[in-house]
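The values are calculated or read from the model by the stated rules, or taken from the named source; none is laboratory data. Note that the structure is a prediction, hence the values are computed from the model and not measured. Positions of Cβ are backbone-derived with ideal geometry, glycine not excepted, and every protein chain shown enters the neighbour counts. Calculation scope for accessible area: heavy atoms of the full protein, side chains included, ligands and nucleic acids excluded. Shrake-Rupley method; radii C 1.70, N 1.55, O 1.52, S 1.80 Å.
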Amino acid sequence: RSLSLCRPMSLLRFVIAAVSPAVVVPQLLHLQDNGYGVEKGVPTLVIASASFDDVLAISGFGIALGLIFSKSSLALNIARGPLELVGGIGGGAIAGVVSWFLPSYEKKKSHLHRNRVAFLLFAGLTAVFGTRRVHFTGAGALGVLTMAFVAGRKWLPEDKKTVARTMALLWHFAQPMLFGLIGAEIESSSLTESYVGKAIGVLALGMSVRVTVSFFSVLGYGLNLRERIFVALAWLPKATVQAAVGSIAWDTAKQEGTKEEERLGLMVLTIAVLVIVITAPIGSLAIFFSGPRLLKKANSMQLDEEVSLAASNNRDRNQHTDSAMPAENNLNSNAPQMLESGV
C-alpha cells in the first residue's frame with residue numbers, strides 16, 4: 001500500500017486546478033459594478049465556471065485521497081467515486097430543502113437569520129467531519145456546496161444577503177487562521193533550491209496548460225479575442241481551496257500511512273503553499289489591470305437597463321416565492337405593526 005509517486009501527483013492535479021473564489025469573486029463583482037463585460041456577461045461566466053471548477057476539484061481530491069488510503073476491497077474502491085458524488089449531492093440537497101422550512105418563517109426576522117446561520121454551520125461541520133470519519137471525504141465538501149445552493153433557491157433575496165453578510169464576517173476571522181495554520185506546518189529545511197525549482201516547474205507547466213485550455217474553451221460563446229484572454233487570466237488565482245485541502249493529505253498520512261507516505265503528504269502541502277504564494281498575487285493583479293483594458297465598458301444607458309432587468313427578475317422571484325409561502329405573506333402583512341412595536 002506504499003504511496004507511489006503517481007499517487008501524490010493525482011492529488012496535486014486537483015490541488016493546483018481549483019480557482020480561488022476569495023480572490024476571483026470580489027474582483028469580478030467590482031468590474032461588473034463598474035460596467036466592464038456586463039454586455040456579454042463575462043463576470044458572471046467567470047464566477048459561475050470558477051464555482052463549478054471548485055466543486056470538481058474538491059470532489060476529485062476527496063475521492064483520490066480515499067482511494068489512496070483505502071483499506072477496503074477493490075469493489076468498494078471502484079464504487080467509491082460514484083458513492084461520494086451521489087451521497088454528497090443527495091445529502092446536501094436534503095439539508096438544503098430542510099433549511100427552507102426550518103427555522104419557521106413565523107419567527108422574528110433576527111431570530112430567523114441567526115437560526116439559519118446556525119443551521120448551515122452545524123450541517124456543514126457535521127458533513128465535513130462526519131464523512132471524514134467514515135472515509136468518504138469528498139462527499140462532505142460536495143454536500144456543503146450543494147446544501148448552500150439548494151437553500152438559497154427558496155430564500156428571499158434580502159434573507160440571503162443577511163445570511164451572506166454573517167458568513168462573510170465569520171470568514172473574516174477564520175481566513176487568517178486558515179492561512180496561518182497551513183503556513184506554520186511548512187518546514188523551512190525542506191525548501192531546498194532543487195525542491196522549490198521542481199515545484200515551480202510543475203506549477204508553471206500546469207498553469208500554461210490551464211491558460212491555453214481556458215482560452216479555447218470559451219470559443220463559440222460570442223467572446224472576442226480580448227475577452228477570451230481575460231477569461232484565461234481570471235482563472236489563474238489559487239488560494240482558499242489550496243489552503244483548505246493542502247494539509248489534508250499530510251494529516252491523513254500521519255494518522256494512517258507510513259513514513260514515506262507522510263513525506264509525500266508533506267510534499268503535497270508544500271506545493272499547495274507555493275501555489276498560493278505565487279498565483280494569488282499574480283492572478284489578482286492580472287484581473288485588476290487587464291479587466292478595464294480587455295473588457296468593454298457598458299455605457300450608462302446599458303448599465304441602467306442591466307440594473308432594471310435584475311430588479312425586475314428579483315421582483316418576479318419574490319412574487320413567485322410569496323405565492324409558494326403563505327406564511328411569508330402573513331409576515332409581510334404584519335410588517336407595519338412589527339415596525340411600530342420596535343421589531
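Tabulated results
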{"quantity": "Residues of segment 246-277 satisfying the condition of being surrounded by fewer than 17 Cβ atoms within 10 Å (Cβ to Cβ) and in contact (Cβ under 8 Å) with a residue 40 or more places away in the chain", "calculated": "Glu256, Thr258, Glu260"}
{"quantity": "Filtered residues of segment 208-248 (kept if among the basic types (Lys, Arg) and part of a helix (DSSP H, G or I))", "calculated": "Arg210, Arg226, Arg228"}
{"quantity": "Segment 130-151, residues that are of a type in the set (Val, Ile, Thr), over 22 Å from Asn115 (Cα atoms) and in a helix (DSSP H, G or I)", "calculated": "Thr131, Thr137"}
{"quantity": "Which listed residue, of Trp100, Trp171, is open to solvent by 60 Å² or more (accessible area, probe 1.4 Å), hydrophobic (A, V, I, L, M, F, W, C) and at negative phi", "calculated": "Trp171"}
{"quantity": "Output for segment 125-159, where each listed residue is of a type outside the set (A, V, I, L, M, F, W, C), surrounded by 15 or more Cβ atoms within 10 Å (Cβ to Cβ) and under 21 Å from Ser51 (Cβ atoms)", "calculated": "Thr131, Thr137, Gly138, Gly140, Gly143, Thr146, Gly152, Lys154, Asp159"}
{"quantity": "Criterion violated by Leu205 - all others in (1) surrounded by 15 or more Cβ atoms within 10 Å (Cβ to Cβ); (2) assigned to a helix (DSSP H, G or I); (3) at pLDDT 80 or above satisfied", "calculated": "(1)"}
